[in-house]
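Below is one structure, written out as C-alpha cells, with a few remarks after it.
The values are calculated or read from the model by the stated rules, or taken from the named source; none is laboratory data. Here the structure is a predicted model, which is why all the values come from computation and not from measurement. Cβ: placed from backbone, ideal geometry, glycine included. Neighbour counts: every protein chain shown. Side chains are part of the model used for accessible areas, which takes the heavy atoms of the whole protein and leaves out ligands, DNA and RNA. Shrake-Rupley method; radii C 1.70, N 1.55, O 1.52, S 1.80 Å.
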Number of protein chains: 2
Amino acid sequence: MTTSLTDLSHDDLSALHQQLSSEHAKLAASGVCLNITRGKPSPDQLDLNADLLTIDVPSHAEDGQDVRNYGGNRGLPEIRRIFGELLGVDVDHIIAADNSSLSIMHDLAMFAVVYGIAGQQPWFGRNVKFIAPVPGYDRHFSICEHLGIDMIPVELGEHGPDVDEVAKLASDPSVKGMWVVPMYANPNGVVYDEQTVRALVSMPAAPDFRIWWDNAYTLHHLTDTERPALPVLQWAEEAGNPDRVFELASTSKITFAGDGVSFLASSKANLDWYLEHAAVRSIGPDKVNQLRHAQYLRDADGVRNLMRAHREILAPKFAVVDEILTRRLGGRGVATWTHPTGGYFITLDVMDGTASRVVALAKEAGIALTPAGASHPLHHDPHDRTIRLAPSFPSLDELRDAMEGVSTCVLLAASEKLLQG
Amino acid sequence: MTTSLTDLSHDDLSALHQQLSSEHAKLAASGVCLNITRGKPSPDQLDLNADLLTIDVPSHAEDGQDVRNYGGNRGLPEIRRIFGELLGVDVDHIIAADNSSLSIMHDLAMFAVVYGIAGQQPWFGRNVKFIAPVPGYDRHFSICEHLGIDMIPVELGEHGPDVDEVAKLASDPSVKGMWVVPMYANPNGVVYDEQTVRALVSMPAAPDFRIWWDNAYTLHHLTDTERPALPVLQWAEEAGNPDRVFELASTSKITFAGDGVSFLASSKANLDWYLEHAAVRSIGPDKVNQLRHAQYLRDADGVRNLMRAHREILAPKFAVVDEILTRRLGGRGVATWTHPTGGYFITLDVMDGTASRVVALAKEAGIALTPAGASHPLHHDPHDRTIRLAPSFPSLDELRDAMEGVSTCVLLAASEKLLQG
C-alpha cells in the first residue's frame, strides 16, 4: 500500500489510524528502549582504536619538547602536520588543543564577548547577531543562546545557503558571525560548493565578522567519493579577507569522542589573538595525548584508512535507515528525508506541524529522538517538521527496530493531523 | 667575612664592589645558561610516573561508563574519590576536569564576568576588586589583570593575611574575590592557620564574593610533617557561608604537569552554576585520562607515596638553595629568604630597590630568574625587593651554580646601591 495519506478517504484514513494506534500501543507495551538522539560513535567504532588505550607514548616530541611538562601552547608539530595536510592548511596556521573543538568555539565566543575581536568593541551588552543556517547543530546554537547572541535563520539549500540572502544580512554591522558546517552538515548532510564558499569569504562584513567553519565531518565520508576538504583559508586570503574564518576540527569522531585532540586553523592574526587570551587560561594543552595520537595515527593516510574503517561500520546503518523509511514512508506523502554522502545524520522532514508529535509518540514507544526544534535557533522550528536521526550509536538490529517504530509514529502523527484537519 | 655591607667603610665597600663586578663579569663570559624561573617538575620527577606513558587503560569506568565516548561532565567517580579523600571533601562535592586547574579558575572568572555568580549582576564593565595577598601567584594575578579586575594587595603574614584588614576590605560590596594558596603559598611557603581561615569564611561579604582556594601545593610537603588539607568547605558551611569557597586542585605537580587531571570542589549550588555554563563549552572531560590516572594512582595512599618520592628529589634542592644563600648572604644585611616546609618556591627578599637590578644582573650572567614584581599585582612590587626562586627544575649541580651566581648578583646590586646612597 503506497497511497499517499492525503489521497485516502476519511474512512480509509480512520482505519489506518486505528491500525497505527494499535501498532504504537504494542510498541509502547513492549518495553523497548532505543536511543537515536546523538551523533555518538558506536562501541564498534571505538573498538577500531583499541590500540590507543594500550600504546606506549614517548616522553619527548620530535622537536625535543618534554611532552610531560608544561608549555607549548600551539600544540605538537607532529599532530598539527597530520591534520594540516588533511584540511589543506599550512602547519603554521593550525594549532592543536585538548579534547573538544566545541570548547575552542566556546572560548572564541567568550573572548569576543569579553575582549572583542580585531580591536573592535567587546560584544558584551551589545546587539550582536549570528547567521544560522537551518537546520543546524544545536550546540552551535546553544553557545549563541547562552551568550545572548541573536540568531538569524537562513535555509540551507543543496550547496549551502542563498549567498545573496547571506550577503544582505552580513551587510548589517551588528552581524558578527555565521555558523558553517561545510561538509556533510549537521543534520542534513549538505556539502557547501566552491561558489558558495567563495561568496561567503568575499562578501563585505563587519571587521569582527567571522565564519565559524566547523569541519566536524569533513573526513567522514559515507561513500568511496572522498572529497577533499575545502581550502577555505586560502580562498579567504585570495578574496582579501584573510581573517574571515575560524576553522575548527577534532578527532572526536575519528579516535575517541571524549579523549581526542581538537584543532583551530586560521590566519596568523586570528591565532595570535586567540593564543593571547588562551595563554591566560592554560599553560599548554595535553601534549602527551597529542603525541599518543600522532604515534597512533602515524600520518594523514593513517587517518584516511581509519575513516574507511568507520565507513564500513556506518554506511550499512545509513542504508538501513533509508531502506526502512523508503519501505514504510515512500509514496505516502507524509515525509521526505536526506540521503547524505557523509557525516553522522539523516534529516527527516515530516508533515508540517507534526514533528513534536512524532517525537512524543516515539518517546511513548521507548524510542528517544532528538527533540523537535533542536536543529533550529532557540529550539524553534517554525514548521515543526524537522527531525534529526542519528544512526551511528545503535546496533543494526536496534536501528531497524527504532526506524520501524519511528515510521509508525510518523504515519500515526500524520493520520491524526489529517483526521483533525 | 660576614660583616653586614651596611657596616663596611666606603673603601671596603668599593673594594667588595670591584671584586663582585669581576666575579659577575666572569660569570657573564662563561656562557652558562641556567633557568630557575618557573615551578616546573624536573625530568627526574616526571620519570617517577613513567608507567603513566605505558599503562593500559580499560574502556569502561567502574560505573559502566564508556570512557572513550562523550559525556560525564562531573568526571569519573574513581578519580574524584581519591582526591576527595586527600582534600577532605565528599565525592559529591568534587568534580574532575582536564589538565589544568588554572583553566577552571579562568572559566569561573569568565562565567562571573559574563553571567554573574549566584544571581548577581555580571561583572563585565563594573568596578570589581579582588583581594590579593602578596607575594602571590602571577598567573592568578594575570586572570584579574586580563579581565580588568582591580587587585588590592594585602601582606601575607606567617599564618595568612591580617584578617581584620581583609574583613574591612571584604565589607566593600565591589570586592568579589580573594586569592588564597592555603598551604605552602606561592611563592613564600606560608601555611594558613585555622583561625585565619575560619575568619575568612565567616566575615560578611558580597553574595558573589568567593575565596579562590588554590590547593596547588597542599599535598607537596618538603618535610615528614604531612599536614592534612584544611577542611575549608566544612568550615565555610559551619560559618553559614557554604558557597564562600571555590576550591581547586590538580595532579599537575603529582603526575605530569601538562597531562593531568584538575578538580573543582565546592558547594552544590556553586558546582551546579559552574556545570550549567561549562556544559555549553564541552560535552565532557577527558575520561580516558581520568581513568588512566585512577588506575595508576590506585588510591589516596598511592598519591601520598608518590608525593614522598617527589619530596626525596625536591628537598635536597631546597636544602642546597638554603645552604648557599646562608653561606653567601648570611649576616651580610642585604637579604632574607624563606624556609618553606612545602611547595615549590623560596622567596628571596633583597635590599629594597634592588630586586629588578638583581634579576637584570642575573640575566647578564646567564641565569634566568622570575621577573621582579611577578609576585605582585600588575607586576609592581612597591619595595622592589621580592624575588621568587624556583628550585625544582634544574639539577642539583645547575642549582648550585645558579645560586652562587644569584648570590653574587644580590651582593653586587646591594653594594652598587650603597655606594650610590
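Restricting attention to region B:366-388, does a residue exist that is closer than 18 Å to B:R328 by Cα and open to solvent by 70 Å² or more (accessible area, probe 1.4 Å)? Within region B:366-388, none of the residues are closer than 18 Å to B:R328 by Cα and open to solvent by 70 Å² or more (accessible area, probe 1.4 Å).
Consider A:D243 carefully, then state whether it is more than 28 Å from A:H376 (Cβ to Cβ), in contact (Cβ under 8 Å) with a residue 12 or more places away in the chain, touching a Ser or Thr at 6+ places or on another chain (Cβ under 7 Å) and in a loop (DSSP other than H, G, I, E, B). It is true that A:D243 is more than 28 Å from A:H376 (Cβ to Cβ), in contact (Cβ under 8 Å) with a residue 12 or more places away in the chain, touching a Ser or Thr at 6+ places or on another chain (Cβ under 7 Å) and in a loop (DSSP other than H, G, I, E, B). In the set (1) in contact with a Ser or Thr (Cβ under 9 Å, 6 or more places away or on another chain); (2) away from chain B (no Cβ under 11 Å); (3) of a type outside the set (G, A, S); (4) not in a strand (DSSP E or B), A:D63 fails one condition alone, (1). Of the strands (runs of 3 or more DSSP E) lying entirely inside region B:76-194, those carrying at least 2 residues that are in contact (Cβ under 8 Å) with a residue 24 or more places away in the chain and touching a Leu at 6+ places or on another chain (Cβ under 6 Å) are B:129-134.
Taking the criterion of being within 18 Å of the chain's Cα centre (by Cα) and crowded, with 20+ Cβ neighbours inside 10 Å, the residues of region B:158-179 that qualify are B:G160, B:P161, B:G177, B:M178, B:W179.
Can you tell me which residue within region B:88-100, out of those that are farther than 14 Å from B:L271 by Cα and crowded, with 24+ Cβ neighbours inside 10 Å, is farthest from the chain's Cα centre (by Cα)?
Keep residues of region B:88-100 that are farther than 14 Å from B:L271 by Cα, which gives B:88, B:98-100.
Adding the requirement that they be crowded, with 24+ Cβ neighbours inside 10 Å leaves B:98-100.
Details: B:D98: 19, B:N99: 16, B:S100: 13 Å.
In this case the residue turns out to be B:D98.
The residues of region A:1-60 that are small (G, A, S) and touching a helix residue (DSSP H, G or I) at 6+ places or on another chain (Cβ under 7 Å), listed by number, are A:S14, A:S21, A:A28, A:S42, A:S59.
In the set B:D272, B:D286, B:D243, which member is farther than 19 Å from B:L86 by Cα and buried (at least 22 other Cβ atoms within 10 Å of the Cβ)?
B:D286
Residue count for region A:180-207 under the criterion of being open to solvent by 10 Å² or more (accessible area, probe 1.4 Å), within 23 Å of A:L147 (Cα to Cα) and within 22 Å of the chain's Cα centre (by Cα): the result is 1.
Listed here are the residues, each with its yes/no results for (1) facing another protein chain (nearest Cβ under 9 Å); (2) open to solvent by 20 Å² or more (accessible area, probe 1.4 Å).
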| site | (1), (2) |
| --- | --- |
| A:D7 | no, yes |
| A:L13 | no, no |
| A:L16 | no, no |
| A:S22 | no, yes |
| A:C33 | no, yes |
| A:T37 | no, yes |
| A:D44 | no, yes |
| A:D56 | yes, yes |
| A:F83 | no, no |
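Scanning region B:126-158 for residues that are within 14 Å of chain A (Cβ to nearest Cβ) and of a type outside the set (D, E, K, R) gives B:V128, B:Y137, B:H140, B:F141, B:S142, B:I143, B:C144, B:H146, B:L147, B:G148, B:I149.
Condition (residue is under 23 Å from the mean Cα position of the chain (by Cα), of a type in the set (G, A, S), within 25 Å of B:H277 (Cβ to Cβ) and surrounded by fewer than 21 Cβ atoms within 10 Å (Cβ to Cβ)) applied to region A:107-118: is it met by at least one residue? Within region A:107-118, none of the residues are under 23 Å from the mean Cα position of the chain (by Cα), of a type in the set (G, A, S), within 25 Å of B:H277 (Cβ to Cβ) and surrounded by fewer than 21 Cβ atoms within 10 Å (Cβ to Cβ).
Rundown of residues vs (1) more than 10 Å from chain A (Cβ to nearest Cβ); (2) touching a strand residue (DSSP E or B) at 6+ places or on another chain (Cβ under 9 Å); (3) within 30 Å of A:Q290 (Cβ to Cβ), yes/no style:
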| site | (1), (2), (3) |
| --- | --- |
| B:V89 | yes, yes, no |
| B:A96 | yes, yes, yes |
| B:S100 | no, yes, yes |
| B:F111 | no, no, yes |
| B:I117 | yes, yes, no |
| B:Q121 | yes, no, no |
| B:F124 | no, no, no |
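Residue by residue, here is whether (1) over 22 Å from B:Y70 (Cβ atoms); (2) among the basic types (K, R); (3) without any contact (Cβ under 8 Å) to a residue 40 or more places away in the chain holds:
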| site | (1), (2), (3) |
| --- | --- |
| A:P340 | no, no, no |
| A:D349 | yes, no, yes |
| A:V358 | yes, no, no |
| A:T370 | no, no, no |
| A:S375 | no, no, no |
| A:D384 | yes, no, yes |
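Pairs meeting the criteria (first residue in region B:261-287 and more than 14 Å from chain A (Cβ to nearest Cβ) and farther than 21 Å from A:S100 by Cβ, second residue of a type in the set (S, T, Y) and assigned to a helix (DSSP H, G or I), beta carbons under 9 Å, at least 6 apart or on different chains) are B:S266/B:Y274.
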